[in-house]
Every structure is written in structure tokens, then in C-alpha cells.
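Participant: Below: one structure in C-alpha cells.
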Amino acid sequence: MMFGPHFLISSLFTLAISANVILPSPSGPYAVTQNTLKLTDESRVDSLDPKHGKRQIMVSSFYPVKSSACEKPCEIPYMSPNAAPIVEAFLGPFGIQGGALGKIRMQGCCKATCQESNGNGEIPLVFLLHGFGGTRLLHNALAQELASMGFAIITMDHTFESVLVEFPDGTVIRPLNDSSLDTTIPGRLESLQDIRVDDARFVMSQLGSKDVVAKLVPDSRCTFNAERAAVIGHSVGGSTSMKLLMKDLRFVGGLNLDGEQFGEITDMQQPAVLFGTTGVTPVPHNSTSDPSWAKTLDHLKGWKREIGLNNISHTGFTDISFLVGTGALDIPKEAADQFIGILDGKRSFEIFSTYVAAFLDFVLRGGKTALFDGPSEKFPEIVVL
Ligand SMILES: *[C@@H]1O[C@H](CO)[C@@H](O)[C@H](O)[C@H]1NC(C)=O
Ligand SMILES: *[C@@H]1O[C@H](CO)[C@@H](O)[C@H](O)[C@H]1NC(C)=O
Ligand SMILES: *[C@@H]1O[C@H](CO)[C@@H](O)[C@H](O)[C@H]1NC(C)=O
């Protein structure tokens, strides 16, 4: 029994309380709308689909509107009733109880109108990619946080690899349960990463369509810069982010949250950050411990930094840190220490979202930041390598 008595007591406690749990508002000045959309790549037969259909992708958008332009603040389920039990079961080994995710609500905006003249076209675009076998839904809080700082954020699932993909009609696709996802087979992860690269490039191209954009923003006058994007990702999503810099110049900057780099590595000119872990973290991850990072740094020919966050663990770079740290998820302490790291989850989230936002501001808005130049008094947990 991994979590024994703690597990039992906290599940009984959770069952007794069925009220929704409301997450804190994001910290930036903008209100954030959310939309989801299914996109079909008519040019691509899905090589993972047992039925050989066209590749289908679910995306979410998180769009910043001026607070004064939000006509209807609202609570938005963190995850749908179909998705929550699947993700709860997926996270079960970490002590997350059934019913816990399904009760969480985000504070968002459900109706907004943009003015013709307020420069929406300048709103910069960011892709945020999840880790292998994960789900875009476990980055909803980070996406909303970054959007509240004035970025349009797109997240996406990778059908047949993500732990689930729910389409608008309620159909749920689970990951393949065969050798297709067996990453012990040499080259398999690389080819799955190639599929992810194609997914992201396809989505980027779709954003050139007014019809598509109209479905991702609150009103047709709300636009964003769809010519270029920064890309950030966690784990294999981080590796994919670097791959996108290599393959597609529409991606103008990349940040890898603790992902080993897979596949061939070629030169990149775009600014990039490798964001790993240091200190008493179970396994520190940096370019000394991981040769794929050393090689990536060699091939980054533009502005580049390597930083590490002390006392966070690999999965701590997901929303789980925020959910546990704000008390929205109650997991046993020993599970939290292992799963998100010994650093307080709310603090971890504050730190990595601050550094990610500073990078995005630098790359997409020409903003200045000293955060990547050395130790910060405000964030002593960060090491700049
Ligand atoms: C996956 O396949 C194995 C072997 O065929 C089977 O035992 C297992 O129950 C399957 N898992 C799921 C989630 O379907
Ligand atoms: C980087 O990794 C090496 C090897 O694991 C480790 O000795 C070193 O302390 C790490 N550096 C930092 C700043 O954590
Ligand atoms: C990391 O955790 C250890 C053990 O709790 C603590 O002593 C140390 O101060 C932490 N490091 C940082 C930078 O927070």
C-alpha cells in the first residue's frame, strides 16, 4: 500500500464535501475567455488511427480581453465531466481521489466584445504543449495565467497518445494500447514526436483562417498575431517545442520545461530556454546530467539560457503544483513531495509562470527582463546555469 491510511481518510473527507472548488483568479491584468475546437487535417491520414481516418486535433484557446471588455465573468469547469474521472484515474497513483478534479472551477470570462481600434491584432500567440501521454487539460491553469498577461494561448492534444481526447460530440478517444506507444522500441518516441510536430504546424496554419480564429476568440473583432508564435512545452512537449524551432520559422522562440531532447538536433537561431530542476530535487536535470541538453545548447545559435528550479520535481511543471498548492487538490504530503517536489506548489507555479511570462514578453513583445541574467532576490529558488 503506497499511501495507506492517509489515502483512505482523505478520500472519505472528500466524499463528504461535494461543493465546487474555485481556483484563484489569474494574476495578470486581463480577463481570459476560453474556447475549444476540433480541427481536422484533411491532408493527413492519421497513422495512429486503427480506422485510418484523417488526423483530428482538439485545441483550446485562452484569449486575453481588457477587464472592462468582459461582459460576463463566469466559472468554467477545469475539466469536463467526461474527462475528469479519466484524468483522476490516470493520476490515482499520486494520491488524487476520484471526484477531485471534476469539482474544480476556474474564474474566467464567458462573454466579451473587442473594440475595432484596440490593437488586438498585436496580441502575441503562444503554443503550450503537454508531456507524453498527458493532456492539455492539465495546463489549463498555466494557459489562463499566461493569457491574463496579454498572450493568446493555444493548447492541443495529440490524439491516440494523450491520456484522453474528448471531441465536441462527447466522443472520447483513449491512448492506443499496443506497440504504437511503446517508447522502449528504438525510434518510436521520435516518430511520435514527429506526429506532434505535424500537429502543431497544422494548427499554426489553421490560425491563418478567419473562420478558425472566429471560433477561438470571443468576437470577430478579437484577433491576434497569427503569423508567428512562441512555443513552450512540458517534458516531451518541451522537446517538441525545440523540434518546432528547428522545423518551422513561424515559431520564433521556444522554452522547454524539463524535457529530455529527443530526435535529431539541428541548429536553431531563435531565442530559447531550457528550464530544468536543481538542488534536492529527486533527480536534478540539467545539461551536465543530460547530454541531450548539452547538445541542444550547442545547436542553439541565438540568445539562450539554461535555468533550474530548486526542489521541484518533473511533474511539478504541470498545473498539479498549482492545484495542490492552492488546496484545490488534497493529496498526501509524501505523494506531493514525490510528485510536485518539496517546494510549495503555489510557489513553484508562481516562479515558473513568472519566468515563462518574462521569456514570452522578451521574445514576442521585445520586453526587457533581468531574470535570466543571474540570481534573483525575489526568486532565490532559481539557478541560472
Ligand atoms: C491493454 O492491453 C493489455 C494486453 O492486451 C490488457 O491486459 C490491458 O487490460 C489493456 N489495457 C487497457 C487500459 O485497455
Ligand atoms: C547539474 O547536474 C549535475 C549532475 O547531476 C549536478 O552535479 C549539479 O549539481 C547540477 N547543477 C545544478 C545547478 O543543479
Ligand atoms: C530546498 O529544500 C531544502 C530542504 O527543505 C531546503 O533546505 C532548501 O532551502 C530548499 N532550497 C531552496 C532554494 O528553496
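Participant: Taking the criterion of being surrounded by 21 or more Cβ atoms within 10 Å (Cβ to Cβ), outside any helix (DSSP H, G or I) and of a type in the set (Val, Ile, Thr), would at least one residue in segment 333-350 satisfy it?
Facilitator: So far as segment 333-350 goes, yes, one or more of its residues are surrounded by 21 or more Cβ atoms within 10 Å (Cβ to Cβ), outside any helix (DSSP H, G or I) and of a type in the set (Val, Ile, Thr).
Participant: Any idea which residue in segment 173-191 is farthest from ligand 3 (Cβ to nearest atom), counting only those that are in a loop (DSSP other than H, G, I, E, B) and in contact (Cβ under 8 Å) with a residue 24 or more places away in the chain?
Facilitator: So the residue we want is LEU176.
Participant: Of the conditions (1) without any contact (Cβ under 8 Å) to a residue 40 or more places away in the chain; (2) hydrophobic (A, V, I, L, M, F, W, C); (3) away from ligand 2 (no atom under 16 Å from the Cβ), LEU297 satisfies every one except a single condition; which number is it?
Facilitator: The one condition LEU297 does not meet is (3).
Participant: For the condition in contact (Cβ under 8 Å) with a residue 60 or more places away in the chain and surrounded by fewer than 22 Cβ atoms within 10 Å (Cβ to Cβ), what is the one hit in GLN144, GLN107?
Facilitator: GLN107
Participant: With (1) crowded, with 22+ Cβ neighbours inside 10 Å; (2) within 16 Å of ligand 3 (Cβ to nearest atom) as the list, and LEU323 as the residue in question, which single condition is left unmet?
Facilitator: Only one criterion in (1) crowded, with 22+ Cβ neighbours inside 10 Å; (2) within 16 Å of ligand 3 (Cβ to nearest atom) is unmet by LEU323, namely (2).
Participant: Please tell me if LEU255 is closer than 17 Å to GLY366 by Cα and either surrounded by fewer than 24 Cβ atoms within 10 Å (Cβ to Cβ) or in contact with a Ser or Thr (Cβ under 8 Å, 6 or more places away or on another chain) (or both).
Facilitator: Answer is yes for this residue.
Participant: Here is a follow-up. Taking SER313 as meeting all but one of (1) closer than 27 Å to PRO24 by Cβ; (2) in contact with a Pro (Cβ under 7 Å, 6 or more places away or on another chain); (3) surrounded by fewer than 21 Cβ atoms within 10 Å (Cβ to Cβ), write down the number of the exception.
Facilitator: (3)
Participant: Kindly list, by first and then second residue, each pair from a residue in segment 251-280 that is within 12 Å of GLY233 (Cβ to Cβ) and among the hydroxyl-bearing types (Ser, Thr, Tyr) to a residue that is assigned to a strand (DSSP E or B) and away from ligand 3 (no atom under 16 Å from the Cβ), limited to pairs with Cβ atoms under 7 Å and residues at least 6 apart or on different chains.
Facilitator: none
Participant: When you check ARG305 against the structure, is it modelled with pLDDT of 95 or more and assigned to a helix (DSSP H, G or I), yes or no?
Facilitator: Considered against the rule, which asks whether it is modelled with pLDDT of 95 or more and assigned to a helix (DSSP H, G or I), ARG305 comes out as no.
The values are calculated or read from the model by the stated rules, or taken from the named source; none is laboratory data. Here the structure is a predicted model, which means the values were calculated and not measured. Heads up, the Cβs are rebuilt from the backbone with ideal geometry, glycines too, and the neighbour counts pull from every protein chain shown.
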